[in-house]
Amino acid sequence: SQSVEERQESHQSTPLASDTSEHEFRISGARGAEARTVVTGEGVVVLEGSFAAPDEVESTPDSTRRLRAKLIQEGALSSQDSRFRFTRDVLFATPSSAASVVLGRSANGRIELVDALGRSLKALEETPKLANTTLQPPSGA
């Protein structure tokens with residue numbers, strides 16, 4: 001299995017990927033959803049060990065319900081501590097499909113994917129120079 005760094009290096013085929021793939025993004029929501037993701041040239045990878053909401057809200061699109069059911073059937077999502085745990089890295093074609101599966105509801109992935117500095121994927125796409133800002137450890141650390 002490739003490390004995150006190897007995946008990042010091998011999937012920098014678009015300007016978006018090269019500007020944002022050095023960043024890990026999080027998707028957080030109600031009902032225990034807490035996922036770590038990486039943007040690649042192929043889409044968004046939700047990393048193994050991430051958690052998805054245990055169920056879908058009533059208004060969840062059928063496409064999201066089917067994708068969650070498929071991932072459960074394949075064993076990529078496993079019930080753990082009253083939510084679902086990703087048992088392996090899972091590639092999603094779009095940020096929104098990743099966010100919707102994690103959150104169990106319709107979601108705009110460009111807004112839901114947020115880096116360690118609180119910047120959304122959308123903000124980084126719209127201001128590429130922000131993506132090149134490196135995360136510095138706190139002074140005195």
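Read the figures in this text as sums done on the coordinates, not as results from a lab. What you see is a predicted model; the values in this text were computed from it and never measured. When we count neighbours, we look across all protein chains shown, and the Cβ atoms used for this are built from the backbone with ideal geometry, even at glycine.
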Simple label model, 7 Å out from Cα along Cβ direction - Val57 to Ile72, nm: 1.9
Using a cut-off of 12 Å between beta-carbons, work out the net charge of the residues near Arg110 (Lys and Arg +1, Asp and Glu -1, Arg110 not included). -1
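What's the magnitude of the charge dipole for segment 72-127 around its Cα centre, counting Lys and Arg as +1 and Asp and Glu as -1 at the beta-carbon? Answer in Debye, nearest 20.
Details: 7 positive and 7 negative charges, 26 e Å.
Once rounded to the nearest 20, the dipole reads 120 debye.
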Counting Lys and Arg as +1 and Asp and Glu as -1, what is the net charge of the other residues whose Cβ lies under 11 Å from the Cβ of Asp55? +3
Shape of segment 21-74 from its Cα gyration tensor (a ≥ b ≥ c, root eigenvalues): rounded if a/c is under 1.5, otherwise prolate when a/b > b/c, or oblate? prolate
Return, for the Cα atoms of segment 31-121, the radius of gyration and Dmax in Å, separated by a comma. 11.9, 35
